[in-house]
Every structure is written in C-alpha cells, then in structure tokens.
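Data block below; observations after.
Nothing in this text is a laboratory measurement; each read-out follows from the coordinates by a stated rule. Here the structure is a predicted model, which is why all the values come from computation and not from measurement. Using ideal geometry, Cβ is built from the backbone for each residue, glycine included, and neighbour counts are taken over all protein chains shown.
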Amino acid sequence: MPFISAAEEIVKKSFTSVENKFISKYLPVLEPIAVKVYLYSLYIFQNGMNSYTFSDLAKTLNMTEENLSECYSYLEEFELAAITSVSPFEVKILEAENVYGTPKKFKAEKYSDFAKSAQVALSGRMISTNEYRKYFYFMEEFGLDQNALLMIINYCVNLRGDNISFAYIKKVVENFINEGITSAKKVEEKLSAYTSSTPALVKLFSAAGIKKRPDIDDDKLYKKWTEELGFEECAIISAAKLFKVKTCEKLDELLIELYKNRRFDVKEIEDYFKNKTSVYNLAYDLARNLGVYMQNPAPYVENYVNVWCNFGYTFECLKSLSVYCFKNGRNSFEFMNEFVTALYNDGIVADSSVNEFIEKQIADEKLLKSLINASGLTRKINNWDRENLKKWRSWNFSEDMLSEAAKLSSGKSNPMAYMNGILSGWKAEGVFSPSQLLSRPDSIKTVRSDEAERRALIERHYYDLRNSAEMRAENALKTATADKIYGELHKELNELTISLAFAEISDKEKAAEISRQIDILEQKSQKRLSELGIDKTDFEPRYSCKICNDTGYDKSGSICACMKKFIADIKI
C-alpha cells in the first residue's frame, strides 16, 4: 500500500502543476509563507486569471502588500522568481533550476559592508539582488575573503570601467578560485605579479596596434610565451608587427607556429616571414611535380615542407627530389617524406650530395634498363632489379660483366634470375673481367647451363616468396587506408611521429605529450582495424621462413635450412 494515494474523484478535477524539483529541493528549505506565495502565483498563472492583481493576492493570503513584495524578493534570491517591474508590480515565475546545489538563504546583513563597497566600485550601474547573491555564494562556498573579492572587482573596474558586466567579473573571480587564490594577501600577490608584466604588455600592444588594455588572461599568455616557449620581448614584438596580428589569441597561434619551426631570434623570425609565402609557393610546386591535387597547402607546409626545410634542404633541391620521386612511383607527399627522411638519416642533405645521389640513381636506372633489354625483356624496372644490382655490385662485378651476363641470359624463361645464377657462378670461379672470360672455355662463360638454370630456379623461388609476402602487406595497408576513418588516423599518426622527432631533441615535456597522443591514436586505430576485420600485423610481410625472411640466407650469410630443403625437394 503506497504512503500517499488519491481518491478517484480528484483525478477528474483540474490541477495546478508544480515542478518536482521545487518540492524535493526548495520546499524543505523555504520559509512557509514564501511557499504559499509561490504556489498561489502558479495557480493564478496556470488558470488564466489575468485580472488578478497584486493587491488581490495580498488580501487572499491575508498579507500586507509590503510583506508580499518582500516574499517575492526572497523568492528572487533563490532564482524562483524575477521582479520585472515595481510600479506597477509585476513578477515572472522561473523554473526551479538553482545551479548552485542546495538552495541557501544568505544573510545579507553579514555582507552589508561588502555590498556598500562593491556598489561604490560599480558606480556606473546598480548591482542586482541576484548578482549580490552570487557574490555571497563565492564567499560562502569557497571561502573567498571579502577584501579579496573587492580587490578583484576594483581590478576589473580599472580595466573595463565602472559599468563592467557581471559576466566578466565572474570569469575573473572563478579564475582566482580555480587557482586556489582566495585570501586578500594571495590576490594582492597575484595582481602585483600581473602588474610587473603590464609594462611589457603595454609596449607590445602599442607596437602591434592591439587596441585594448592588458588583463590577467593576456598576462598568462605573456608568461607562456616568455617562460614556456622561450621567446624574448623583442622577438614577440617583431613577430606581432611582421605578421600584423591584432589579438593575443592570434599572436599565441603565431608564436606556437614559430616555436614548432624553431624560429626564436628576431632575424630567424624575419627570415621566416620573408620565406613563408615562398614556402607556400614551394608546396604548390612540389604538389605539381608529384602530380598531387592540393586544395589547402597549410597542412602540407606544416607537416612536410617546413620539416624538410628545417632538415636543411634548399627549395631547388626539394624540387629536384619531387621530380625524381614522381618518376620512380613515389608520387605523394607521404612517399616523398619517407624518401627525404631516409636521405636525411644517411646524411645526404647538401645540394651537391643530393645531386650526386640522384645522378647515381639515374645512372643505375639506365644501367638496369639496358640489362633488362639485353636479356630480352621489355618490362619496367622493379625493386627486385634494384636489389639485384646492389648485390652484384657488392660482388665486385663491373658494368661490362653485367652486360655479358645479361646477353647470356637472353631467351631464358626467367632471364634476370638466370643472370643472377651466372654471376653467382662467376663469383665462385673467380671470374670478374671480360678478359678472363675470353681466356676460359665456353663452359666457363656460361658456368654450365644446368648450374645457371639451377641458380635461376632458386632465385625465382625466393623472389616469388618475398614478393608475395610484401604485396599482401602492401594490399592490406591500402585496404585499411582506403577507409576514411582509419585513413585519417593513419595520416595523423604519421604527422605526430614527425613532430615527436623534433620534440625529443628540444622539449622533453612536449615529446611526452606527443607520445601520449600517439598512444591514444594507436588505440583508436586498433579499434577501427578491428571493426574493419583487419589485423595490424597484416601490414608487415609474413615471410614463410622467419630465419632468412625468404632470402635463402641467414644473418651470417650461410645457406638457410629452408633453401637446403627446397633443393632437396626439387632434387637439383
């Protein structure tokens, strides 16, 4: 049986609606007469009694009009009502939604001296009952000293004038409370510390044409620029003037950009300003060379072009590298970044060393093309060809000997593998020059046809194994990055990895923060891959032999057990 029930007849009658929150939250703490006034006010409004007057209500509740007015003021303190007009007296009933927790009736007399001083400071406007109540709340709930609050109000008045809005004062008060600054002494120390940097801010604002007076938020930013980021006053002023920033928020963004690009000195900032337009133009040139459509250059400049310039590469050098990348199938900023980073890690940065590298690569491509043609093939050069050339050179074979081997392999089922077998045999026989070939029997020139065929078969087998594993990994990554969500996460991870490399050199705290962001993105990436039914390990080649990674030779250069088994199985 419920504690309270109602007769059936009641259900059929009209009702006045009251918010449950009023009953549960306000009714237990309000003075009884105020509850009567609130409920009867709801009844008048909800039943459309438009002709009912302030005097009629006072008579109905057996109150004087003065007492009724005091009741409404009391309800206004709890934000349950708002007096919108005194003559004629009009009131608006508000929803029962007090934001400060349990409603509390503050004793105004306790803060009478504060109220008088606050009104004197804010002489340009009248302080409302509700504003006073919120000041009392700050002092009651957070132990904010009366004198401390008056100091803050006077500080705000000095900044913005004696009619400053409560919203601004409230924001400043909350900043102090959040920092645990509630005593008059601490507020005074905080304001004194701010005042010490005011002259520098005034000088900065004057130089940059920022038309406002410095406040505590500006002071926080200034301390960040000088203490955390390490900029000197002259550098900050130079940056503000050069880039024509008119707010501290925009100046903050600019200084963070300069910080990322390691531009701290006035001269460095001036050079960065002069080159910024050129860097954007360079980004467009690189995109054109790579065959990439670029709608917004900003992210490409920040994540790639600026990074490469900071590595020490010149504009012309980067253009040459972009052309080379396009011709060799690396036609994206991501692929070019991998290539440039690899060069940088190998110490190939100066124009001369880069040009020498490119010339060598071009010469190698030309040589490989001639060898492929000599062997009777017409296909494009692939990475296996490049790996083979690197291996043949390590065996000390000249271009002439490579050409001879290519001719001998012409017409075979797998010429390049056959050629690899011939050269391997010559190496074993100690034949490294054309003159040695001329002085030896024909059998030496071919190093026995069956031996070359044998080696070709082995080379072809291991090439197929490696290529198959690598293609599977490449296709898995392509499938994953084709997904919009994972593709964005993958791109963002690559960009953060670049930022981490810089941060680890100069800013350990920033590096730690970036590492934390990378961990979060890794988790999101892993979750998305699971949703796509893809395992991240699929991005790495799964070689059939873990010992030799499908090369046929272990780390010491000895024949791997898998090759021995393969030879035994095919009986060659």
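Once backbone amide H atoms are built at 1.01 Å from N, CYS545 has ASP550 as its partners under 5 Å, excluding neighbours fewer than 5 places away on the same chain. A full extension of the chain between TYR52 and ASN383 corresponds to an added length of 109.9 nm, given 0.36 nm per residue minus the alpha carbon distance. Backbone geometry of the range 401-409 corresponds, through the Karplus equation with coefficients 6.51, -1.76 and 1.60 at θ = phi - 60°, to 3J(HN,Hα) couplings of 5, 5, 5, 4, 5, 5, 5, 5, 8 Hz, x marking Gly and Pro.
Footprinting exposure proxy ranking of PHE335, PHE326, fewest other C-beta atoms within 10 angstrom first, gives PHE335, PHE326. Based on the Cβ-Cβ distance from GLU228 to GLU492, what FRET efficiency comes out when R0 is 25 Å, to the nearest 0.05? Taking R0 as 25 Å, the efficiency between GLU228 and GLU492 is 0.55. Find which of GLY209, ASN396, SER41 sits farthest along the positive direction of the dipole of the chain, computed with +1 on the beta-carbon of Lys and Arg, -1 on that of Asp and Glu, about the Cα centre. It is ASN396, whose Cα lies furthest towards the positive end. Rounded to the nearest whole Hz, the Karplus-based 3J(HN,Hα) values (6.51 cos²θ - 1.76 cosθ + 1.60, θ = phi - 60°) of the range 349-354 follow the sequence 10, 4, 3, 5, 6, 5, with x at glycine and proline. Between ALA81 and GLU76, LEU94, the built amide H atoms are under 5 Å apart, and every one of these is 5 or more places off in sequence or on another chain.
Using the Cβ-Cβ distance between GLN517 and THR314 with R0 = 30 Å, the FRET efficiency computed as 1/(1 + (r/R0)^6) comes to roughly 0.40.
Give the calculated FRET efficiency between LYS92 and LYS185 to the nearest 0.05, with a Förster radius of 41 Å applied to their Cβ-Cβ distance.
Numbers: r = 42 Å, r/R0 = 1.04.
Step by step, r from the Cβ atoms, then E = 0.45.
Going through the cross-link list LYS203/LYS223; LYS224/LYS260; LYS220/LYS508; LYS59/LYS134, which pairs have a Cα-Cα distance over 25 Å in this structure?
Numbers: LYS203/LYS223 15 Å; LYS224/LYS260 15 Å; LYS220/LYS508 22 Å; LYS59/LYS134 33 Å.
Violating the 25 Å limit, Cα to Cα: LYS59/LYS134.
Treating only the Cβ atoms of Lys and Arg (+1) and Asp and Glu (-1) as charged, compute the dipole magnitude of the chain about its Cα centre; round to the nearest 20 debye. Write down the numbers at each step before the final one.
Working: 78 positive and 83 negative charges, 347 e Å.
Charge dipole, the chain, about its Cα centre: 1660 debye, nearest 20.
Taking the Cα atoms of the range 324-399, the ratio Rg/Rh between the radius of gyration and the Kirkwood radius comes to 1.00.
Put the Cα centre of the range 375-436 next to the Cα centre of the range 525-546 and the gap is 36 Å. The lysines whose alpha-carbon is closer than 23 Å to the alpha-carbon of LYS327, local same-chain residues fewer than 8 away aside, are LYS319, LYS360, LYS366, LYS369, LYS380, LYS390, LYS478. In sequence order, the range 38-54 has phi-based couplings of 4, 5, 5, 5, 4, 4, 4, 5, 6, 9, x, 7, 5, 8, 6, 9, 4 Hz under the Karplus curve 6.51 cos²θ - 1.76 cosθ + 1.60, θ = phi - 60°, and Gly or Pro positions carry x.
Quick one, what does Rg over Rh come out to for the chain if you take C-alpha atoms and the Kirkwood Rh?
Details: Rg = 40.3 Å, Rh = 32.7 Å.
When Rh is taken as the Kirkwood radius, the ratio is 1.23.
Using the Kirkwood radius over Cα pairs, work out the Stokes-Einstein diffusion coefficient for the range 261-311 at 37 °C and 0.692 mPa s, in µm²/s as a whole number.
Values: Rh = 11.5 Å.
Estimated diffusion coefficient is 286 µm²/s.
Distance between the 7 Å Cα→Cβ label points at ASN275 and LYS21: 5.8 nm. Annotation: amide H-H contacts under 5 Å for TYR553 (H modelled 1.01 Å from N, sequence separation of 5 or more, or interchain): CYS560. One decimal place: the segment ALA200-SER398 gains 64.3 nm when fully extended, by the rule 0.36 nm per residue minus the C-alpha distance. Axis angle, to the nearest 10 degrees, between helix 508-532 and the longest C-alpha principal axis of the chain: 80 degrees. Only helices enter the 222 nm calculation for the chain: every DSSP H run of n ≥ 4 contributes -39,500 (n - 2.57), and dividing by all residues gives -21000 deg cm²/dmol, rounded to 500. Taking only Cα atoms, what is the 0 to 90° angle, nearest 10, from helix 383-394's long axis to the longest principal axis of the chain? Value to nearest ten degrees: 60.
What ranking of CYS248, CYS545, CYS317, CYS234 emerges when the number of other C-beta atoms within 10 Å of each C-beta is taken as an exposure proxy, fewest first? Don't skip to the answer; put the middle values down first.
Working: CYS248 24, CYS545 18, CYS317 21, CYS234 11.
If I rank by nearby Cβ atoms, fewest first, I get CYS234, CYS545, CYS317, CYS248.
Rounding to the nearest 10 and keeping the result within 0 to 90°, find how far the Cα-based axis of helix 333-345 lies from the longest principal axis of the chain. Taking the Cα atoms of the chain, the angle to 333-345 is about 70 degrees. No disulfide-compatible partner, judged by a Cβ distance under 4.7 Å, exists for the following cysteines of the chain: CYS71, CYS156, CYS234, CYS248, CYS309, CYS317, CYS325.
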